[in-house]
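Accompanying notes for the structure given below.
Rule-based calculations on the coordinates, nothing more; no lab input. Owing to the predicted nature of the structure, the values given are computational and were not obtained by experimental measurement. No Cβ is skipped: glycine too gets one built from the backbone with ideal geometry, and neighbour counts run over all protein chains shown.
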Amino acid sequence: MCVQSGSLHDRRQGLQPRAERSTKADEAYRILRRMIVTLELAPGTVIDERYFASQFGIGRTPLREAVQRLAEQNLVVSSRHRQSQVAPVELTDIQCICELRLVLEPMAASLACERADDEDIQSVRTILDEYKKHVDAHDLKGALDVDYEFHDRLARSTRNPHLADAIDRLNAHSQRLWFLSFRQLRSLDGILEEHDSVLQALAARRPAEAAQAMRNHIESFRERIRGLLL
């Protein structure tokens with residue numbers, strides 16, 4: 001039997017239809033993730049369900065769904081009192097994250113050379129043009145936002161959603177490291193050249209060259225972050 005507005009169980013329990021809860025949970029997830037990645041919610045901050053449900057204008061059920069997704073990505077942890085709080089940032093994360101990125105992102109760059117269409121390549125080029133504008137304006141925070149878009153768009157150009165999602169999770173943690181070192185960060189000039197090397201290989205459809213350019217970029221990221229935080 002098809003029920004048009006949510007399941008019979010949902011209606012009997014006075015709950016929002018599942019599809020509506022999912023949409024609200026997605027929105028809460030995006031907002032909370034952004035706040036965590038940019039350190040607006042500092043490591044150790046307790047996720048007060050009542051407060052955030054009120055702030056977002058949603059029920060506690062979709063908020064809990066959002067928090068659960070963040071926990072699955074290791075951005076939220078449970079405390080001894082069973083409260084959800086923002087996960088700590090450990091310096092050992094640098095090596096752990098980069099080990100995985102060095103496996104997955106060169107693979108993604110190589111696959112993108114084979115599978116990306118012209119629209120994908122133009123989108124990557126547009127993203128890097130935007131990145132350069134932020135760098136020229138000394139808007140480092142804006143540039144870091146666009147840096148995330150670059151990696152995300154390239155990964156999704158592989159047409160492999162599982163690979164793209166895995167890279168997305170890693171890049172959320174990489175972004176936290178960038179924002180943690182934000183005050184010590186003086187320039188992103190070198191990163192622009194590294195991104196451009198990946199783009200040139202992508203546009204020329206050279207998988208091995210793209211993979212190596214991405215590998216060089218991630219190794220540079222690791223050394224930059226180590227230099228800023230250690």
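By per-residue mean of other Cβ atoms within 10 Å, what is the highest-first order of 151-159, 131-139?
On the way: 151-159: 21.3, 131-139: 15.1.
Output ranking for 151-159, 131-139: 151-159, 131-139.
Using the Kirkwood formula over every pair of different C-alpha atoms, what hydrodynamic radius in Å results for the chain? Spell out each step's value before the answer.
Values: mean 1/r = 0.0521 Å⁻¹.
Answer for the chain: a Kirkwood hydrodynamic radius of 19.2 Å.
Sorted by average packing, counted as other Cβ atoms within 10 angstrom per residue and highest first, what order do 174-180, 164-170 take?
The packing order, highest mean first, is 174-180, 164-170.
For labels at Phe182 and Lys141 in the simple 7 Å Cα→Cβ model, what's the distance in nm?
Taking the simple label geometry, Phe182 and Lys141 are separated by 0.5 nm.
Mind checking the dipole of the stretch 160-230: about its Cα centre, +1 per Lys or Arg Cβ, -1 per Asp or Glu Cβ, Debye to the nearest 20?
240
Would you mind checking which residues have amide H under 5 Å from Ala116's amide H? H placed 1.01 Å from N; only 5 or more apart, or other chain.
Result for Ala116 returns nothing.
Using the Cα centre of the chain as the reference point, and only Cβ charges (+1 on K/R, -1 on D/E), how large is the resulting charge dipole? Debye, rounded to the nearest 20.
Result for the chain is approximately 1060 debye, rounded to the nearest 20.
Nearest 10 degrees, 0 to 90: what angle lies between the long axis of helix 207-229 and the longest principal axis of the chain (Cα atoms)?
Around 70 degrees separate the two axes.
With a point put 7 Å past each Cα toward its Cβ, work out how far Cys96 is from Asp165 in nm, to one decimal.
Those two pseudo-labels are separated by 2.1 nm.
Quick one: angle between helix 93-115 and the longest Cα principal axis of the chain, in degrees between 0 and 90, rounded to 10, please.
In the chain, helix 93-115 runs at an angle near 70 degrees to the longest axis.
Roughly how tilted is helix 140-156, in degrees to the nearest 10 and between 0 and 90, from the longest Cα axis of the chain?
90
Based on the alpha carbon coordinates of the stretch 126-182, what radius of gyration and maximum Cα-Cα distance (Dmax) apply, in Å?
Here Rg and the maximum Cα pair distance are 12.1, 35 Å.
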